[in-house]
Structures are given as C-alpha cells and as structure tokens.
Amino acid sequence: MDKPLQGRVALVAGASRGAGRGIAVELGAAGATVYVTGRTTREHRSEYGRPETVEDTADLVTEAGGEGIAVPADHLDPAQVRALVERIDAERGRLDVLVNDIWGGEHLFEWDAPVWEHDLDKGLRLLRLAVETHAVTSHHALPLLLRSPGGLVVEMTDGTAEYNGAHYRNSFFYDLAKASVLRMAFALGHELGPRGATAVALTPGWMRSEIMLETFGVREDNWRDALDKQPHFAISETPRYVGRAVAALAADPEVARFNGQSLSSGGLAQVYGFTDLDGSRPDCWRYLVEVQDPGRPADTTGYR
C-alpha cells in the first residue's frame, strides 16, 4: 500500500529537528496525520538557539503526503501536554502512534567530564529534558492511545540496550538519560502489552542531523567531505532512515512481537527491507562493535 497509515493519527513529541523531524516526515509519507511538537517556533527560539521550527516540520509532513499539525509545547509543563492531548482528542478522537523524541541536551552535557566535574545544573537540566518529559507525555497521552487497540509507543534514545549495557556513553548524565529511556520502553511494554498496545525503544545510528552536519562543516549533499576528518562517519545515516523504521513499525499488524524490546534503524531495515534515502541500509551499531570500537580501519563493506 502506498499509504499504509492513512487514517492513523500520530504525535511526534520533539519534532523540530533531527530524528523527530525525520520520523514525522516518514509517518506523513505513509499517509498519517502527524501532530508535531517542540519549543522552537517561527516566532520564538528555545534555549537551543536553533533555527529549525515545528511549523517547518509540519509543512514537510504535509508535503510528504500526510497532514502535519504544529503544536508548540514544552513537555516539562504538564498543563501544556494535557492541553495538547485534549486537542488531539477533540480534533481526531484517537491517537495511534506516540513517539517520545524529546531531548534538547546537546548543549548541556560535557563530553567525558566525570560527575564531580560536570556542571550540576546542566546535568540535572539534561535529565529533566530527556527523561521527565517522556514520563509527562506518556502519562497524559496513553489513555487516548489505549482507547483504540493496536497503539504504538516509540521511546527514542541513543544506543541499543545491548550496546549501552556494555559501554560508557560520554558522561554520567548522558549515560543515565539514555539508559533511562531504554528502561522506560521496557516498563511501558509491561504496562501496555496486556492492554493491546506496544512499546519499543528505538535508536538511530550515527545520524546526520542538522547539528551533526554543522559540526563537521558539511551539508547533506556533500556529507562525504567529512570523511577526511572522521572516516567512520561513512556509516552515518539520514534522519529519514529512522523515520522509515517508525513508519514500518506503525504499519506492521504484528508489531506486538517487539513489545518492550530495544531496536535500531539498521536492525529494522533488515526486517522490513526499507533503505535510507540513498538506497543503502547502514547498520551502525554492528559496525561500531565490529569495526570502529576495535580500532579497525574505516570500511563499511557489508555494513551498508
């Protein structure tokens, strides 16, 4: 089917940029109505100071073939989240897919700083943005999602449970945030499964987000120029790749087989057969374990 999610309603919380934007666009391409939230609008920028907006994302969803609806929201404010869900209920009467992608922490964590040296206020703010927001959103949105059978909750994180369980992730606060979201999906799986819904944790690979492209001084159309600086960037993927993973999960009538599990874009590409925009299937987490982490020369043969 060209539009397998026609008639379905999704909420992508944290969709101004990055994975959230890629997910929202691919859900739209599959025919869904997608409510997209974030703190940055065309009139106001969040503490991030980034130019991407929720309105831009909503427009991209509509251009892709769905219906994008921008709702500015701070997911640390329960009243705003409650009003958001009430609006979805009033306008659509259902919620089929909830994607918790709220993050906003790149500017807060201090790379490789031990907890006693890391700025405490920044660390605690990071945890609130990355963990508390997900809990607030699930609390208010899940009653609506459970009203219809077959609902899907996707908790977005960085790293699979297997990889993060064996590797320190950059800093105490970053590590804790990403591990917490993985555990959220596991806990939600236990609570939603008996009630006819599914929860999963999902990670992209090395994603070419707007921030990552700027970090390497490249654009999407010339991203390979960054390989001189970091050869392993060859395994990277677009935000649309993980978006296609979410769309595939949402369209799968047997998605419950993944309930409570930790999944990756590269792993799901092998299951569902989708590709990134360039037709490749990068499998970043296997590449990290087998090539990058052991210190082998960059070579994506067999990994994309």
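Computed from the coordinates by the stated procedures, all read-outs in this text should not be read as laboratory data. Remember, predicted model here, so these are calculated numbers, not experimental data. Because the Cβ atoms are built from the backbone with ideal geometry, glycine has one as well, and the counts that use them run over all protein chains shown.
Which residue is farthest from the chain's Cα centre (by Cα), if the candidates are limited to region 116-128 and must be part of a loop (DSSP other than H, G, I, E, B) and among the charged types (D, E, K, R)?
Within region 116-128, the match that is farthest from the chain's Cα centre (by Cα) is 117.
With the condition being of a type in the set (Val, Ile, Thr) and in contact with a helix residue (DSSP H, G or I) (Cβ under 8 Å, 6 or more places away or on another chain), I'd like the strands (runs of 3 or more DSSP E) fully within region 1-115 carrying at least 3 qualifying residues.
Hits in region 1-115: 33-38.
Yes or no: residue 254 among the acidic types (Asp, Glu) and within 27 Å of residue 6 (Cα to Cα)? Break it down into steps so the answer makes sense when it comes.
Numbers: among the acidic types (Asp, Glu): yes; within 27 Å of residue 6 (Cα to Cα): yes.
Yes.
So which residues in region 231-245 are in contact with a Gly (Cβ under 9 Å, 6 or more places away or on another chain) and assigned to a helix (DSSP H, G or I), if there are any at all?
235, 239, 240, 241, 242, 243, 244, 245
Can you run down the residue pairs with Cβ atoms below 9 Å, 6 or more apart or on separate chains, where the first is in region 148-175 and at positive phi and the partner is hydroxyl-bearing (Ser, Thr, Tyr)?
Close Cβ pairs (under 9 Å, with a partner that is hydroxyl-bearing (Ser, Thr, Tyr)) amount to 150/198; 159/203; 159/262; 159/264.
Scan 57, 62 and give me the residue that is of a type outside the set (Asp, Glu), crowded, with 21+ Cβ neighbours inside 10 Å and touching a residue at least 24 places away in the same chain (Cβ under 8 Å).
57
Taking only pairs six or more apart or across chains, which ones have beta-carbon atoms under 9 Å, a first residue in region 33-46 that is without any contact (Cβ under 8 Å) to a residue 40 or more places away in the chain, and a second residue that is among the aliphatic types (A, V, I, L, M) and assigned to a loop (DSSP other than H, G, I, E, B)?
Going by the 9 Å Cβ cut-off, the qualifying pairs are 34/15; 36/15; 38/15; 38/73; 38/102.
Is it the case that region 7-14 has a residue that's over 21 Å from residue 73 (Cα atoms), touching a residue at least 12 places away in the same chain (Cβ under 8 Å), surrounded by fewer than 23 Cβ atoms within 10 Å (Cβ to Cβ) and touching a strand residue (DSSP E or B) at 6+ places or on another chain (Cβ under 9 Å)?
Taking region 7-14 first, the residues over 21 Å from residue 73 (Cα atoms) are 7-8.
Among the residues that remain, those that are also touching a residue at least 12 places away in the same chain (Cβ under 8 Å) are: 7-8.
Those left that are additionally surrounded by fewer than 23 Cβ atoms within 10 Å (Cβ to Cβ): 7.
Going one step further and asking which of them are touching a strand residue (DSSP E or B) at 6+ places or on another chain (Cβ under 9 Å), we end up with 7.
So far as region 7-14 goes, yes, one or more of its residues are over 21 Å from residue 73 (Cα atoms), touching a residue at least 12 places away in the same chain (Cβ under 8 Å), surrounded by fewer than 23 Cβ atoms within 10 Å (Cβ to Cβ) and touching a strand residue (DSSP E or B) at 6+ places or on another chain (Cβ under 9 Å).
So, residue 131, is that one in a helix (DSSP H, G or I) and either in contact with a Phe, Trp or Tyr (Cβ under 6 Å, 6 or more places away or on another chain) or surrounded by 14 or more Cβ atoms within 10 Å (Cβ to Cβ) (or both) or not?
Answer is yes for this residue.
Might you check whether a residue that is closer than 18 Å to residue 19 by Cα and either of a type in the set (Val, Ile, Thr) or assigned to a loop (DSSP other than H, G, I, E, B) (or both) occurs anywhere in region 182-198?
Taking region 182-198 and keeping what is closer than 18 Å to residue 19 by Cα, we get 182, 185.
Filter once more, keeping what is either of a type in the set (Val, Ile, Thr) or assigned to a loop (DSSP other than H, G, I, E, B) (or both): none.
Scanning region 182-198 turns up no residue that is closer than 18 Å to residue 19 by Cα and either of a type in the set (Val, Ile, Thr) or assigned to a loop (DSSP other than H, G, I, E, B) (or both).
Could you check region 143-181 and list, in sequence order, the residues that are of a type outside the set (A, V, I, L, M) and part of a strand (DSSP E or B)?
Correct list: 155 only.
Of everything in region 122-149, what is touching a strand residue (DSSP E or B) at 6+ places or on another chain (Cβ under 8 Å) and of a type outside the set (A, V, I, L, M, F, W, C)? Give them in sequence order.
Within region 122-149, 133, 134, 137, 138 qualify.
State which residue is surrounded by the fewest Cβ atoms within 10 Å (Cβ to Cβ) when the search covers only region 244-257 and only residues that are of a type outside the set (Gly, Ala, Ser) and touching a helix residue (DSSP H, G or I) at 6+ places or on another chain (Cβ under 6 Å).
255
Out of 295, 260, report the one residue that is under 26 Å from residue 168 (Cβ atoms), exposed (fewer than 14 other Cβ atoms within 10 Å of the Cβ) and of a type in the set (Gly, Ala, Ser).
Details: 260 fails: exposed (fewer than 14 other Cβ atoms within 10 Å of the Cβ).
Residue meeting the stated conditions: 295.
Would a scan of region 173-183 turn up a residue that is among the aromatic types (Phe, Trp, Tyr), over 21 Å from residue 75 (Cβ atoms) and surrounded by 15 or more Cβ atoms within 10 Å (Cβ to Cβ)?
no
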